[in-house]
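Asker: Can you keep this structure in mind? I'll have questions shortly.
The values are calculated or read from the model by the stated rules, or taken from the named source; none is laboratory data. Note that the structure is predicted; figures quoted are calculated from it, not measured. Cβ coordinates were reconstructed from backbone atoms using ideal geometry, including for glycine residues, and neighbour counts include every protein chain displayed. Please note that ligands, DNA and RNA were not included when accessible areas were found on the heavy atoms of the full protein model with its side chains. Shrake-Rupley method; radii C 1.70, N 1.55, O 1.52, S 1.80 Å.
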Amino acid sequence: MVADKRLQYIDAIKGISMIMIVLCHLLAPCIGRVILMHLECIFLACLFFFAGFSYRTGGMHASEKIRIKSAALFRPFLRYALILWLIASVYLAAAGKGSAKAAFMCLRNFFAGGLWNPVLMSIFHLRYYSLDRDYFIMTDLWIFPAMIFACILFYLTADRVLRSFKKALIAAAVFFLVTALFCGFGISLPYNLQTAPYWAAFMLLGAFAGRRRLFERIKKEEKWMPGIVSLGLGITVAMIKQPSADLYRGSFGGNEVLSMLLCIAAALPAIWGLGQLCSLAEESGSGNAGLKWMGQNYLNVFAVYRTAAWLIGLITGISAIYDKSVSSSDIVKSLLISIAVLVLCMAPGTLREINSKRKRRARITAGRRAKGESLPEQERPDDDKIYGIERPLAERRQGKERFVYKDNHKE
């Protein structure tokens, strides 16, 4: 039961992170979006931190874990890439905005790791073909290669260091340092893989926290205030750094190393605070099925939410791409699209929960009928309806045991 509870609040945290990421990228430029862009480093770090949280040492060899996990991540990456590319290509061709050659060149550049990376395209003298605008619905697929390489680094080190706090901390610091060196020297790898060690470090710290059951060991009465303070500290640190939208482009922005350190300083206390608050909320019995479903399926949601927004925009005539200068009506429209996308993302989990409750009530009712137990008042059959006549409402409310037969009307 404890493990189940723990997994539920982890899913809730991932779901909250996905809500913030969706709003951050679908909102038109406004003060709300600027705030979310400052906090983006926290939400992304949460996804990787809690991806490692449930890891337990031992079991299969590291190479086998890497093979299984890489295959599990590469298949949806390939599937989503081809499907989203086909959808965008068909639309561009139907709208007269693209050719078959340009479409296949974009697909080639995408699999060559050229997404968000014109430097890579220029090195190999490949025309860029506007991947970032015509095929913007594919931009979030970077998370699959990043997760694959982060998992490779994680599995190669986890069993060796997680038994010792000192070793785990040193390994995480080394991973952070590797990314700092890449970004500090302006080295840009395919699929922005220079940030993979950064994400692996958060996975390692998450695995250590899960191994020590850090959130469960805190007493209930001690959780609320420390959790609020810790989350507030993380948000405060995040707000003093530059907006981190460049994380999607493999850069921390501005001064790379300093910005990365601020991202770490913001993410760690915020994660600690969210973990405490969400675990306490879970113990109190509160929760949302749709939110938890988003957390369980965050990679799938991450891959398609832009596409959902784009399709809604095509139907409603609202553009999902915004320039720097927008009107107040654009902001309102983008907010409505964001809400619609979130409702669609939460709908499967919510509907599943409703259906599960309905089936549970039906099983309980059937069991009581089979055992001859009395049913709740609202589920009891009306005796007079069974015998073919309706009693006056006043008599039924008085609870009189009065049976009327069709043949002789004798009481």
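Asker: How would Lys324, Lys97, Lys14 line up by accessible area, probe 1.4 Å, largest first? Walk me through the numbers before you get to the answer.
Answerer: Details: Lys324 200, Lys97 135, Lys14 25 Å².
The residues order as Lys324, Lys97, Lys14, largest area first.
Asker: Ordering Val34, Val237 from largest to smallest accessible area (1.4 angstrom probe), what's the sequence? Provide the component values of the computation, followed by the final result.
Answerer: Values: Val34 65, Val237 25 Å².
Greatest to least solvent exposure: Val34, Val237.
Asker: Once the whole set of protein chains is in place, how much accessible area is left on Val257, using a 1.4 Å probe, in Å² to the nearest 10?
Answerer: Accessible surface of Val257 is approximately 60 Å².
Asker: Using the per-residue mean of other Cβ atoms lying within 10 Å as a proxy for protection, in what order, highest first, do the peptides 166-174, 67-75 fall? Before the final figure, lay out each step's value.
Answerer: Working: 166-174: 16.1, 67-75: 13.9.
The packing order, highest mean first, is 166-174, 67-75.
Asker: Ratio of alpha-carbon Rg to the 2.2 N^0.38 Å globular estimate for the stretch 176-278, to two decimals, please. Walk me through the numbers on the way to the answer.
Answerer: Values: Rg = 15.3 Å, N = 103, 2.2 N^0.38 = 12.8 Å.
Against the empirical 2.2 N^0.38 Å value, I get 1.19 for the stretch 176-278.
Asker: Then there's this: Expressed as a whole number of Å, what is the distance separating the alpha-carbon centroids of the stretch 52-119 and the stretch 273-338?
Answerer: First find each Cα centre; the distance between them is then 22 Å.
Asker: Just how large is the dipole of the stretch 219-341 about the Cα centre, in debye to the nearest 20, putting +1 at every Lys and Arg Cβ and -1 at every Asp and Glu Cβ?
Answerer: On the way: 9 positive and 8 negative charges, 21 e Å.
My answer is approximately 100 debye.
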